[in-house]
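See structure below.
The values are calculated or read from the model by the stated rules, or taken from the named source; none is laboratory data. Just so we're clear, the structure is a prediction, and the values are computed from it rather than from any experiment. With ideal geometry, Cβ positions are generated from the backbone for all residues, glycine too; neighbour counts draw on all protein chains shown. To get the accessible areas, we keep the full protein, side chains included, count just its heavy atoms, and leave off ligands, DNA and RNA. Shrake-Rupley method; radii C 1.70, N 1.55, O 1.52, S 1.80 Å.
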Amino acid sequence: MSDTIQKYKDHVMTGFLKSVAPIVIDHASGTAVWDDQGREYLDCFSGISVVNAGHNHPRVIAAAKAQLDKLVHCSSYLYHVKPVADLAEKIAQIAPHGLTKTFFGNGGAEAIEGAMKLARLYTGKHEFISLHASFHGRSWGTLSITGNQGRKKRGGPYAPGVSFAPVPYAYRSLWPNDPEQCARHCAKCLEDVIRFETSGDVAAFIAEPVLGEGGIIVPPKNYFREIKKVLDQHGILFIADEVQSGFGRTGKMFAIEHYGVDPDILVTAKGIADGFPLSAFTTRPEIADAYKPGDHLSTFGGNPVSCAAALANIEVLQDENLPARAAEIGDYAMRKLRELQKQNPVIGEVRGAGLMIGIELVRDEKLTPANSEAEAIRDALLKRGVLVGVGGVYGNVVRFQPPLIISKQQIEHGLNAFATALAEVAQPAAV
Ligand SMILES: Cc1ncc(COP(=O)(O)O)c(C=O)c1O
């Protein structure tokens, strides 16, 4: 056994995972990563949807290195630091309408917590509504608004004042062939949740514009417009959790752009800095002004190196047209996968937006989740040199979320490997 794997066994906490993939990653570039034996893998998971511009993009690395030589940390909230200011200005230019002020943290959960706190301070209200099948982080506050028992188990009871509304997961709803009706039904349910489950003191509704960990669930086109009408009637803020869907991943800079709705607070992380740890939440000035001295801070938040990397990363996403490219390659991949679905009843649904693609595997017409098959496919793909993820509330969704720079040939290679793995693993277990 390799020294690194042995040290993990002895000294790294991993008990919260069934297993860690039995390889040691050594280095990476673009869509490729190499293990310490020199074996190359095609990365179709991007370190959980993070390296959108590709591993070690030369412009991102150069910006980070230049900043490293000047200043690593001096606390970006006690003093003014140029990369923080430049990045905040850039985000104001690309964020949905009117969102011009940003707070920087280190990871997704921290940013969600900050956004929740700000929403309460601004509205003077205290409750939250979130969605079934949602995932917002691993801290106690973010688990409290996470709609998935698989993530919450053994941690309850959670914060009071949180209610959950049905998610527009058309495939498993009563309207698999009429997603817009499913969305209207869910919006009506939100009315009922406000009326029957809350005390009428709701600060914010929080949702992922495309749900990631829940199984790449893409809400129907009309969903957020219907929801926004309800929220506006009740004076409830809309927090869009774009930790996973942001920065070009779904074919637009932010996934909420697909819906023609502006959130009140936009939360981002993962793809913001191409692998450097950074998160953010961005809002309108009048909401940002609800913070008063003493209300918030983060020691490491807005790290200058991460911010310099993030600025370069966003410029790369724009200059290389990566959101549009994600849309094009993603559509191509989903067409190919739907062709494969025709011969493979174990593929229940192929869905996604841009390069945020989920393949939901089922055992029968009752949609029994084929979760062990999904894991076996991931493991078979690893052996074939392709990295993918597995997720979903039932653990039966194979996730393709490669760097947005992936070429047609490369995605073709990943899809062919998937087809072979599917034939090897899933077919014998299917009907
Ligand atoms: C939508 C969403 N929100 C929040 C988080 C939490 O982010 P982090 O793991 O950086 O705390 C995640 C992580 O997967 C996520 O997908």
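If only residues of region 33-55 that are touching a strand residue (DSSP E or B) at 6+ places or on another chain (Cβ under 9 Å) and surrounded by fewer than 17 Cβ atoms within 10 Å (Cβ to Cβ) are counted, the one that is nearest to Ala309 (Cα to Cα) is Ile48. The number of residues in region 48-59 being in contact (Cβ under 8 Å) with a residue 12 or more places away in the chain and either of a type in the set (Ser, Thr, Tyr) or more than 13 Å from Arg249 (Cα to Cα) (or both) comes to 5. Quick one: in region 103-146, of everything that is under 17 Å from Ser199 (Cβ atoms) and in a loop (DSSP other than H, G, I, E, B), which residue is farthest from the ligand (Cβ to nearest atom)? Filtering region 103-146 for residues that are under 17 Å from Ser199 (Cβ atoms) and in a loop (DSSP other than H, G, I, E, B), the one farthest from the ligand (Cβ to nearest atom) comes out as Gly124.
If you check Thr146, Thr142 for being buried (at least 22 other Cβ atoms within 10 Å of the Cβ), more than 24 Å from Phe276 (Cβ to Cβ) and within 24 Å of the chain's Cα centre (by Cα), only one passes: Thr146. Can you confirm whether region 88-99 contains a residue that is open to solvent by 20 Å² or more (accessible area, probe 1.4 Å), over 24 Å from Ser245 (Cβ atoms) and either in contact with a helix residue (DSSP H, G or I) (Cβ under 6 Å, 6 or more places away or on another chain) or of a type outside the set (D, E, K, R) (or both)? The answer is no; no qualifying residue exists. Comparison of Ala183, Ala207 shows that the only residue that is crowded, with 23+ Cβ neighbours inside 10 Å, away from the ligand (no atom under 16 Å from the Cβ) and of a type outside the set (Ser, Thr, Tyr) is Ala183. Criterion applied to Ile227, Ile239, Ile194 was being crowded, with 23+ Cβ neighbours inside 10 Å, more than 15 Å from the ligand (Cβ to nearest atom) and at pLDDT 95 or above, and the one residue passing it is Ile227. Picking from residues in region 164-180 that are aliphatic (A, V, I, L, M) and in contact with a Leu (Cβ under 9 Å, 6 or more places away or on another chain), the one that is least open to solvent (accessible area, probe 1.4 Å) is Ala165. Counting only strands (runs of 3 or more DSSP E) that sit wholly inside region 331-431, those with at least 3 residues that are open to solvent by less than 20 Å² (accessible area, probe 1.4 Å) are 347-353, 356-361, 397-400.
What residue, among those in region 132-150 that are among the hydrophobic types (A, V, I, L, M, F, W, C) and touching a residue at least 60 places away in the same chain (Cβ under 8 Å), is farthest from Ser245 (Cα to Cα)? Residue satisfying both the conditions and the ranking: Ile145.
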